[in-house]
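Data first, discussion second: the structure below is written as structure tokens.
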């Protein structure tokens, strides 16, 4: 099981925002943007508590469905175009 690499860079090879990287490709089974993946990343906190699978796959059991996850799912294509602006918009 791969862990969510929520690095806010569209250039980092491990970032979910790099469309050409493992975790940002809509075709890779480890990417949250693959709507058919059965092996998406998971969301955990610092203590390792599980909050769900981070995926566009609406049929994935235990899919993360908290407000921030749902916002990112809805706007992921727009976020990828300007990650820095969206980071500021979401977290500041």
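The values are calculated or read from the model by the stated rules, or taken from the named source; none is laboratory data. Computed from a predicted structure; not experimentally measured. With ideal geometry, Cβ positions are generated from the backbone for all residues, glycine too; neighbour counts draw on all protein chains shown.
Could you check segment 57-70 and list, in sequence order, the residues that are under 16 Å from residue 16 (Cα atoms) and surrounded by 15 or more Cβ atoms within 10 Å (Cβ to Cβ)? Residues satisfying the conditions are 57, 64, 69. Among the residues of segment 73-92, those identified as part of a helix (DSSP H, G or I) and over 15 Å from the mean Cα position of the chain (by Cα) are 84, 85, 88, 89, 91. Residues that are without any contact (Cβ under 8 Å) to a residue 24 or more places away in the chain and surrounded by 19 or more Cβ atoms within 10 Å (Cβ to Cβ) were ranked within segment 41-56; the one that is farthest from the chain's Cα centre (by Cα) is 53. Pairing each residue of segment 74-92 that is modelled with pLDDT of 85 or more with any residue that is outside any helix (DSSP H, G or I) and surrounded by 14 or more Cβ atoms within 10 Å (Cβ to Cβ), provided the two are 6+ apart or on different chains, yields C-beta distances under 8 Å for 76/32; 76/33; 76/56; 79/17; 80/10; 80/17; 80/19; 80/24. Here segment 38-72 is the region considered, the condition is being in a helix (DSSP H, G or I) and either under 22 Å from residue 13 (Cβ atoms) or touching a strand residue (DSSP E or B) at 6+ places or on another chain (Cβ under 9 Å) (or both), and the residue that is modelled with the highest pLDDT is 69.
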